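Okay, here's the structure, questions in a sec.
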């Protein structure tokens with residue numbers, strides 16, 4: 001779900017924190033990608049003409065394999081080195097949100113059945129996509145494919161977004177790629193949105209700088225997280241009637257959720273009501289201290305694709321075209337090699353430093369030379 005209304009608030013209050021650019025602007029960058037979100041995207045978007053998912057001869061879904069294979073190759077073709085991060089166990093506090101998602105899926109399944117019986121093709125397709133559920137088998141298939149492609153992946157102990165942020169904070173990657181705005185609460189240096197869909201849907205990548213976000217709101221991270229909890233997150237419900245603008249005003253006025261709760265509960269005329277046993281403190285701790293594998297313990301390596309094993313898995317087991325898989329693997333191998341070049345901006349920084357040193361040396365020499373001339377005249 002993410003954080004309700006956060007994107008609009010950031011755009012209005014911290015516009016300098018967002019930079020929109022083309023996919024090619026990330027040339028030479030290593031990026032941690034929320035794989036679990038990609039799985040959902042591929043299972044929803046990669047479909048046959050009749051709206052059904054791709055399958056192999058045995059009836060197993062292969063839409064996610066096609067999505068990961070070709071999308072990864074496209075990113076590598078732009079000089080990007082992707083690392084995928086898979087969800088671990090969900091936090092206990094997320095149980096309520098998961099129950100809501102299950103209920104929505106069950107409702108969609110019911111409506112899909114009704115649409116099928118009524119012969120409403122468009123409605124059927126719409127509700128079928130809402131019933132998508134990623135299975136453990138599909139997760140394992142994706143991991144196997146990435147391993148054969150030579151693309152590293154990380155299995156997070158808990159939330160994929162927080163692990164992506166940890167890898168970015170540790171300097172293992174440039175930024176965390178996810179569509180969920182709550183990723184900002186985990187403080188990655190940069191949050192990248194639209195990355196996996198940028199080329200396919202002709203979108204620009206939105207890059208959020210967390211330092212500029214906090215600067216724009218004029219808040220420390222603790223207050224920013226409190227505001228996000230008040231907006232509404234996956235870990236706990238919000239205070240009914242408090243919208244994005246009101247949430248921001250409350251945090252700026254009172255400074256913390258403790259003060260807001262105290263003020264509301266001590267005011268019998270308040271139009272707001274704090275949920276009973278509201279676990280906002282626990283939610284705050286999940287954002288500030290998420291369960292992650294320390295970035296220092298993660299070793300990311302991009303290797304050559306295993307062509308023979310890829311052919312066996314993608315062609316013989318899952319029915320993909322052999323020539324296309326071979327061509328794709330060749331493009332990937334070439335792209336990963338060319339992507340090892342350093343970004344030009346790193347050269348400019350070095351060049352700029354040397355240039356500055358040269359200027360400084362020239363000034364000092366000129367100064368000393370003038371001193372010598374003055375002594376001679378005397």
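Where a number appears in this text, it was derived from the coordinates with a stated rule and is not lab data. Every value quoted in this text rests on a predicted model; they were computed, and no experiment measured them. Counting neighbours? That spans all protein chains shown, and the Cβs are built from the backbone with ideal geometry, glycine included.
How large is the convex hull of the C-alpha atoms of region 221-286 per residue, in Å³?
Cα convex hull per residue, to the nearest whole number: 80 Å³.
Hey, another quick one. Can you compute the modelled spin-label distance between residue 274 and residue 11, with each label point 7 Å from Cα toward Cβ, in nm?
So the label points at residue 274 and residue 11 sit 3.3 nm apart.
One quarter of the convex hull surface, Cα atoms only: what value does that give for region 195-258 in nm²?
Across all orientations, region 195-258 yields a mean hull projection of 5.9 nm².
Taking neighbour counts of Cβ atoms within 10 Å as a proxy for exposure, in what order, fewest first, do 31, 53, 85 appear?
53, 31, 85
If you don't mind, there's one more thing I want to ask. Please compute the modelled spin-label separation between residue 316 and residue 222, points set 7 Å along Cα→Cβ, answer in nm with one decimal.
6.0
A further question on this structure: Roughly speaking, what is the stretch gain from residue 27 to residue 323, that is 0.36 nm per residue apart minus the C-alpha to C-alpha distance, in nm to one decimal?
103.8 nm
State the extension gain, in nm to one decimal, for the chain segment bounded by residue 304 and residue 203, taking 0.36 nm per residue of separation less the distance between their alpha-carbons.
Using 0.36 nm per residue and subtracting the Cα-Cα distance, I get 33.4 nm.
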